[in-house]
Amino acid sequence: AQSVAQPEDQVNVAEGNPLTVKCTYSVSGNPYLFWYVQYPNRGLQFLLKYITGDNLVKGSYGFEAEFNKSQTSFHLKKPSALVSDSALYFCAVRDGGNYGQNFVFGPGTRLSVLP
Amino acid sequence: SQTIHQWPATLVQPVGSPLSLECTVEGTSNPNLYWYRQAAGRGLQLLFYSVGIGQISSEVPQNLSASRPQDRQFILSSKKLLLSDSGFYLCAWGVGNEQYFGPGTRLTVT
């Protein structure tokens, strides 16, 4: 069975500092990995995905994520945080070897960027 | 480009009343469609998904049902709402390896 863990319920970072939001996963086949962001009372917005290829994936708004197969992780990063990055972040995984398999989302991590 | 609509944006309903939330997708054909519920601004719970007209799979047995009367229309319903049905309901569509979300409906059952 697939699962996603986001070990940090909340991450606080000062504006201008680098940020990392952690995600680890478990999947039986090839992992397809995704990050989404949610602003208050809004739907989820797609940030980036890893399907295959380069382990470092670049996405929207200056975010990037690094796929680490040995550590089964897909941490979200940004070199310099903005106050406007404050939001709820979700990691998701899908089993790439099973087209019919749905996405499994992590519980979310609330990011607060302090001015 | 593809667009997903949900309405209403907010809804306040008394316990025991019926529910109908609608989701429509534009700019794509034969998408997979999903209903999620999000409680207290945290994790997503997959409620239903559909791979085609009239094809509905339920992930969690509960007081809700879903229907897909047209290729790009997905409806979430209930005959009698419970207090526990309150939450933020998100519709999503997916093709291939991507999934995109609508703006959501905030349901409060009083």
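Just a few scattered comments:
- Think of the protein assembly as shown as having a plus end and a minus end, set by charges on the Cβ of Lys, Arg, Asp and Glu; of B:Tyr89, A:Ala87, A:Gly59, B:Tyr89 sits farthest toward the positive end of this dipole.
- Principal semi-axes in Å for the protein assembly as shown [√(5λ), Cα gyration tensor, largest first]: 30, 21, 15
- For B:Asp71 and A:Asn30, the FRET efficiency from 1/(1 + (r/R0)^6), where r spans their Cβ atoms and R0 equals 35 Å, is about 0.75.
- With semi-axes defined as the square roots of five times the eigenvalues of the C-alpha gyration tensor, the equivalent ellipsoid of segment B:48-95 measures 20, 11, 10 Å, largest first.
- B:Val15-B:Lys80 pseudo-label distance in nm [points 7 Å out on the Cα-to-Cβ vector]: 1.2
- Packing here is the average count of other Cβ atoms within 10 Å per residue, and on that basis the peptides B:93-104, B:15-26, highest first, run B:93-104, B:15-26.
- Percent of alpha-carbon pairs separated by more than 17 Å within segment A:11-66: 49
- Max-minus-min Cα coordinates of chain B on each principal axis give 38, 26, 21 Å, with the largest extent listed first.
- Distant alpha-carbon pairs in chain A (separation over 16 angstrom), percent: 57
Coordinate-derived values only; no laboratory data. Quantities reported herein were computed from a predicted structural model and do not represent experimental measurements. Every residue, glycine among them, receives a Cβ derived from its backbone with ideal geometry; neighbour counts consider all protein chains shown.
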